1. Place +1 on the Cβ of every Lys and Arg and -1 on the Cβ of every Asp and Glu in region 6-151, take the dipole about the Cα centre, and give the residue among I90, A26, V74 whose Cα lies farthest towards its positive end.
2. Quick one: P(r) of the chain from all Cα-Cα pairs, 5 Å bins, percents rounded to integers, in order of increasing distance.
3. Tell me the Kirkwood radius of region 1-83: reciprocal of the mean inverse pair distance over distinct alpha-carbon atoms, in Å.
4. Step through the residues of region 43-59 one at a time and calculate ³J(HN,Hα) from phi using the Karplus curve (6.51 cos²θ - 1.76 cosθ + 1.60, θ = phi - 60°), rounding each to whole Hz and writing x for Gly and Pro.
5. Which order, highest average first, do 20-26, 139-145 follow once you tally other Cβ atoms within 10 Å for each residue and take the mean per peptide?
6. Where does helix 16-26 land angle-wise versus the long Cα axis of the chain, in degrees 0 to 90, nearest 10?
7. Mind putting a number on the dipole of the chain about its Cα centre? Charges go on the C-beta only, +1 for Lys and Arg and -1 for Asp and Glu, and I need it in Debye to the nearest 20.
8. Could you tell me the calculated FRET efficiency between T5 and S43, based on Cβ-Cβ distance and R0 = 30 angstrom, to the nearest 0.05?
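Just so it is clear, none of the values below were taken in a lab; they were calculated from the coordinates. Keep in mind the model is a prediction, meaning the values are calculated, not measured. So basically every Cβ, Gly included, is an ideal-geometry build from the backbone, and we count neighbours across all protein chains shown.
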Amino acid sequence: MTQSTLEIRRLVFADLPNVIAIERRAFPTPWSLAMFVLELSKSEGICLAALRDGQLAGYTICSRFDQVWHIMNVSVDPDLQRRGIATAMIDEILRRVGDRAQITLEVRPTNAPALALYERFGFLSAGTRARYYQDNGEDAVIMWRTEATLRGSLDGLPAAEARPVAAP
Ligand SMILES: CC(C)(COP(=O)(O)OP(=O)(O)OC[C@H]1O[C@@H](n2cnc3c(N)ncnc32)[C@H](O)[C@@H]1OP(=O)(O)O)[C@@H](O)C(=O)NCCC(=O)NCCS
């Protein structure tokens, strides 16, 4: 049996039809084509494609806002999840932004797979953004990965984001 291959490379405009096809299957409220075009147009962003046996299997969009990197989208084809594809893409983001980078993201509190994925990379929950998701009014969990979170501390996060997550 031949081993399947995984390649991580820059996401390009020509990938977008396949991106949209995965996006619509992976998310209840998928991004529009225009949102991907906007992100790919930003010169400082890190937009990656994961190709499994040469076919698009996942993608990630990471934007830079001043000193902070923001992971805006991570998505893997539902038929190809749990094979380390998101891990490979986030590894590559971390390699590109460097060890000292501050990285943030929002995630649904009900998205257990994504929460587990990010926690494995040293992201900590640092607060909530009220009614962030328009489809169901769900709050977002705000996560950060910084030198401090890697030591298990929320020290030094931008003040507005550092509110503790409400106890369940
Ligand atoms: C979240 C998502 C990107 C993970 O992609 P993936 O390629 O399946 O993730 P990986 O195989 O690299 O998983 C790495 C780790 O994340 C955690 N994880 C991933 N999927 C999980 C699941 N369904 N249940 C529990 N933990 C999970 C596990 O710790 C896993 O390690 P393990 O397989 O050794 O236990 C994928 O489920 C997805 O595309 N979901 C829909 C879109 C989405 O919600 N994106 C995130 C928005 S914030």
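1. Farthest towards the positive pole: I90.
2. Reading the bins upward from 0: 1, 8, 17, 21, 21, 17, 10, 4, 1, 0, 0.
3. Numbers: mean 1/r = 0.0753 Å⁻¹.
Evaluated on region 1-83, it is 13.3 Å.
4. Once rounded to whole Hz, the list reads 5, 8, x, 10, 10, 10, 10, 10, 10, 9, 6, x, 9, 4, 10, x, 7.
5. Details: 20-26: 15.6, 139-145: 21.9.
The peptides rank, most packed first, as 139-145, 20-26.
6. 60 degrees
7. In debye, rounded to 20, the chain gives about 100.
8. Values: r = 30 Å, r/R0 = 0.99.
Given R0 = 30 Å and the Cβ-Cβ separation, E is 0.50.
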